[in-house]
Amino acid sequence: MGNFFNCHEEFLYRLKIKYYNFAQMQVLRKILFPFSLLYALVVYFRNFLFDIGFLKSKTFETPTVCVGNLSVGGTGKTPMIEFLVDNLKAELKIAVLSRGYRRKSEGFILADTDSSVEELGDEPYQIYSKFKDIAVAVDANRQNGITSLQKMVDPDLILLDDAYQHRKVKCTSYILLTAFGHLYSKDWYLPTGNLRDAKSQANRANCIVVTKCPKNLKTEARKKIINQLNPQTHQRVLFSYLDYHDEVFGLDKSYSLNDLKSKNITLVTGIANPAPLVEFLKNEGVSFKHLKFKDHHFFSENELKNLKEKDLILTTEKDYVRLKNQLQNLYYLPVKHRFFDDDGEQILKEIRNII
């Protein structure tokens, strides 16, 4: 039984890749509804065994903060990690621990100047590239990863990227992300829906952040969302939106968004949900052809050969770290989380209180 549940997380990640584009496959989703009931039963039973202590969760002396979600698909976990690092690294010795999904390596690895994107995975490599003054590590075994970081780095705080379902570690605090327009409260289990965990597990969160909101989201609309999420009395529901940069950056030059309007652009995305980026570029008047790949896609030689023939390739920061050493005509558009009112400070206050 133990081995069965140990496979649960790997099963979730495989489903994430296989079903990330199911929005266009509604008929198949409905056909697979009986499988979603079976999946829900497995999820419920696994959580029940952790809740009663049959399966053990381990706590650590070092404060740990988990950033995660209940659904497959992009909710902005990496930008959230970067927001926390950017705002806390001056006062705390921070380490980031990730699974390193789809990396071409195994075991615990602490990033250094010789690390590659293949070794770390795209998201950890992106974080390390931007924040060389913090420790970034990967390990599918979060318990081992935390223990190794404590011995090698002795951080004040460990941020766990995408570990909400990894219940073998009991974190000090949990930040749960849910995307505007795709709230977990309105979702259903895989493969009919996008839920990879039970809605009731939202109760473990200290903060629930509704990400990818429209910039003009009104107070009344936010109140309606809070009612839909029905948070516990100890939980705060906060709101953020994606703030794209007004320039794109390559290896040795940059262009303003206005400059892009006169260029022949191919948008290349290998992320779970490129829709916000696509909408932003269209609203900015940028024309492009969109080549859409699955999340965390590693490009083949034939695909790279085709991309080299394009005039200018625009991509996301996560895709850029996989492609930057293989293409010369490549640019990325940075993106950050921005918060409504003082919601960002509320998250930082939550973390400071646990140190």
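The values are calculated or read from the model by the stated rules, or taken from the named source; none is laboratory data. Just so we're clear, the structure is a prediction, and the values are computed from it rather than from any experiment. FYI the Cβ positions are ideal-geometry reconstructions off the backbone, even for glycines, and counts take in every protein chain you see. Surface accessibility is based on the protein's heavy atoms, side chains included, excluding ligands, DNA and RNA. Shrake-Rupley method; radii C 1.70, N 1.55, O 1.52, S 1.80 Å.
Does Tyr44 satisfy the condition of being crowded, with 18+ Cβ neighbours inside 10 Å, more than 22 Å from the chain's Cα centre (by Cα) and either of a type outside the set (Val, Ile, Thr) or at pLDDT 95 or above (or both)? It is false that Tyr44 is crowded, with 18+ Cβ neighbours inside 10 Å, more than 22 Å from the chain's Cα centre (by Cα) and either of a type outside the set (Val, Ile, Thr) or at pLDDT 95 or above (or both).
In the stretch 107-119, the qualifying residues are those that are among the small types (Gly, Ala, Ser) and touching a residue at least 24 places away in the same chain (Cβ under 8 Å), and the one that is surrounded by the fewest Cβ atoms within 10 Å (Cβ to Cβ) is Gly107. Listed by first and then second residue, the pairs with beta-carbon distance under 7 Å, at least 6 apart or on different chains, first residue in the stretch 121-136 and over 16 Å from Val335 (Cα atoms), second of a type in the set (Ser, Thr, Tyr) and modelled with pLDDT under 95, are Gly121/Tyr101. Residues in the stretch 28-41 that are under 21 Å from Tyr164 (Cβ atoms) and loosely packed, with under 13 Cβ neighbours inside 10 Å: 1 in all. Checked against the criterion of being surrounded by 13 or more Cβ atoms within 10 Å (Cβ to Cβ), in contact with a helix residue (DSSP H, G or I) (Cβ under 8 Å, 6 or more places away or on another chain) and more than 24 Å from Ile81 (Cβ to Cβ), the candidates Leu348, Leu307, Leu314, Leu333 yield just one match: Leu307. Only residues that are open to solvent by 20 Å² or more (accessible area, probe 1.4 Å), in contact (Cβ under 8 Å) with a residue 40 or more places away in the chain, not in a strand (DSSP E or B) and not hydroxyl-bearing (Ser, Thr, Tyr): list them for the stretch 51-71, please. Leu55, Lys56, Phe60, Glu61, Pro63 - these are the residues of the stretch 51-71 that are open to solvent by 20 Å² or more (accessible area, probe 1.4 Å), in contact (Cβ under 8 Å) with a residue 40 or more places away in the chain, not in a strand (DSSP E or B) and not hydroxyl-bearing (Ser, Thr, Tyr).
The single condition from (1) touching a Leu at 6+ places or on another chain (Cβ under 6 Å); (2) among the β-branched types (Val, Ile, Thr); (3) more than 25 Å from His296 (Cα to Cα) that Val138 fails is (3). From the list Leu260, Leu291, the one residue that fits, being surrounded by fewer than 20 Cβ atoms within 10 Å (Cβ to Cβ), in contact (Cβ under 8 Å) with a residue 12 or more places away in the chain, over 28 Å from Lys186 (Cα atoms) and in contact with a helix residue (DSSP H, G or I) (Cβ under 9 Å, 6 or more places away or on another chain), is Leu291. Cβ-Cβ contacts under 7 Å between residues 6 or more apart (or on different chains), taken from a first residue in the stretch 309-333 that is under 22 Å from Arg102 (Cβ atoms) and acidic (Asp, Glu) to a second residue that is at pLDDT 95 or above and open to solvent by less than 20 Å² (accessible area, probe 1.4 Å), are listed as Glu317/Gln126; Asp319/Val268; Asp319/Thr269.
Among the residues making up the stretch 215-230, those that are outside any helix (DSSP H, G or I), in contact (Cβ under 8 Å) with a residue 24 or more places away in the chain and not aliphatic (A, V, I, L, M) are Lys215, Asn230.
Could you please let me know if Lys104 is out of contact with any strand residue (DSSP E or B) (no Cβ under 9 Å at 6 or more places or on another chain), assigned to a loop (DSSP other than H, G, I, E, B), more than 25 Å from Leu333 (Cα to Cα) and open to solvent by 30 Å² or more (accessible area, probe 1.4 Å)? Judged against the criteria, Lys104 is a match. If you go through the stretch 234-257 and pick out every residue that is free of Cβ contacts under 8 Å to residues at least 12 places away in the same chain and under 20 Å from Phe293 (Cβ atoms), you end up with 0.
Scanning the stretch 317-327 finds one or more residues that are within 16 Å of Asp122 (Cα to Cα), open to solvent by 50 Å² or more (accessible area, probe 1.4 Å), modelled with pLDDT under 95 and not basic (Lys, Arg). Taking the criterion of being part of a loop (DSSP other than H, G, I, E, B) and closer than 24 Å to Leu37 by Cα, the residues of the stretch 184-214 that qualify are Asp187, Trp188, Leu190, Pro191, Thr192, Gly193, Asn194, Arg196, Asp197, Ala198. With the condition kept exactly as written, say whether any residue in the stretch 83-92 is open to solvent by 10 Å² or more (accessible area, probe 1.4 Å), under 28 Å from Asn203 (Cα atoms), modelled with pLDDT of 95 or more and in contact with a His (Cβ under 8 Å, 6 or more places away or on another chain). Within the stretch 83-92 (the criterion being open to solvent by 10 Å² or more (accessible area, probe 1.4 Å), under 28 Å from Asn203 (Cα atoms), modelled with pLDDT of 95 or more and in contact with a His (Cβ under 8 Å, 6 or more places away or on another chain)), the answer is yes, since at least one residue qualifies.
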